[in-house]
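Report on the structure given below.
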Amino acid sequence: LLEAPADTILAIQIDAAINPGNSGGPAFNSRGQVTGVAFCKDARKQSDNIGYVIPAAVVRAFLGRISVSEEVGTCTYTLSPSIPYRWHSLENTSLRMAHNVPKGVHGILIVDAASAIVKGALQKGDVLTKIDGTQLADDGQLTLRGQELIQHNYLLRGKQLNEPTVFSVYRDGKHLSNDGPNDPPCVLKDLPYICPRWADVDHQPDYLILGALVLVPMSLNLMSSKHAGKRLVATCKDWCLKWQEEESDETTKNDSNDNSSKKSGWGDKEELVVLTDIFAHELSFSYSRPWRRVVSYNGTSIRSLCHLKDIWLQSCKKSDHDTNAASPPTPTTTKI
């Protein structure tokens, strides 16, 4: 059974049996051509012999993002580009009227954009009509081949390394495109999440134990844990909607004279820290609130798990210094 994020990739459904013995092998058509790679099956009891194949086009895009260093003898894979905007369909007549979208204009409404990537090519309130000259429908779909439809993110996720992207938009009654010398095409890239997505890919597993407290960086895998409460999941999802390069919440709050809507980003934060377990100890007696986000330590805002470790060590040194200053020095011995 395909689950997120695998349910958003382009796949071919087949009725051939897929099992651990042939998963990862090539799938051929009647002419002996490789059409894709077998990779999973629908394991639900009510289904039988439903498998999925990664199409050859997706495989070629994957291979095209691999760079080989012959001198070092290593290969490096660059993650596929992220979608640098968030959008809403324009099928609703009232919504089209509210944004002054004429009947002859079709596409999707941009509700937010990563300005560091799109650099003005996309703005909030734009109607994205075309990507690389391919027309988008009001529900975000485009024609793949013949009468087959697919969501438009297929065009962006399948980009090669440093391949440019041209966005065509309808803005303030004008049709615009970023294909000129003063407004060049965008080169998309993977945009990091403040909650990492894949262990050993965009983050390494890490943890910190302070006394009886077990702390870890928040990740999407932890968000799917049965122990993560609704409040923690909602907080992390809200942070995952923030673009890294935008202003922080603290910055926007200080500007009380500006009543305009401002985007809020990560600020000085690198990751979110979560308390996942509390060991039994007299100092933690009656503590029963694990799986909470840790916001600060002794009043200092936490930027990351490493930052928490640093400020904890500083507080320990300060405590030792204050203790030694208040009491006479004691002799020390070294055992060899």
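In segment 199-216, the residues that are touching a residue at least 12 places away in the same chain (Cβ under 8 Å) reach residues that are of a type in the set (A, V, I, L, M, F, W, C) and assigned to a loop (DSSP other than H, G, I, E, B) with C-beta atoms within less than 6 angstrom, at least six apart or across chains, in these pairs: ALA212/PHE279.
Taking segment 1-49 as the range and being under 25 Å from LYS159 (Cα atoms), in contact with a strand residue (DSSP E or B) (Cβ under 8 Å, 6 or more places away or on another chain), modelled with pLDDT under 75 and part of a loop (DSSP other than H, G, I, E, B) as the test, the residues that pass are LEU2, ILE9. For segment 274-289, a tally of residues being surrounded by 14 or more Cβ atoms within 10 Å (Cβ to Cβ) and under 27 Å from PRO196 (Cα atoms) returns 5.
When GLU71 is tested against (1) farther than 30 Å from GLY104 by Cα; (2) among the charged types (D, E, K, R); (3) under 18 Å from the mean Cα position of the chain (by Cα), only condition (3) is not met. Given the structure, is ILE209 among the aliphatic types (A, V, I, L, M) and under 13 Å from the mean Cα position of the chain (by Cα)? No. Pairs are defined by a Cβ separation below 6 Å, a sequence spacing of at least 6 or placement on different chains, a first member in segment 46-75 that is more than 18 Å from PRO26 (Cβ to Cβ) and open to solvent by less than 50 Å² (accessible area, probe 1.4 Å), and a second member that is of a type outside the set (A, V, I, L, M, F, W, C) and at pLDDT below 80; the pairs so defined are ILE50/ASP42.
Looking at segment 58-124, the strands (runs of 3 or more DSSP E) lying wholly inside it that each contain 2 or more residues that are within 15 Å of SER168 (Cα to Cα) sit at 85-89, 108-113.
Taking the condition within 29 Å of GLU148 (Cα to Cα) and touching a Gly at 6+ places or on another chain (Cβ under 8 Å), does THR93 pass? Criteria not met by THR93.
The values are calculated or read from the model by the stated rules, or taken from the named source; none is laboratory data. Bear in mind the structure is a predicted one, so any value in this text is a computation, not a measurement. All Cβ positions, glycine included, derive from the backbone under ideal geometry; neighbour counts span all protein chains shown. Accessible surface is based on the protein model in full, side chains and every heavy atom, while ligands, DNA and RNA are left aside. Shrake-Rupley method; radii C 1.70, N 1.55, O 1.52, S 1.80 Å.
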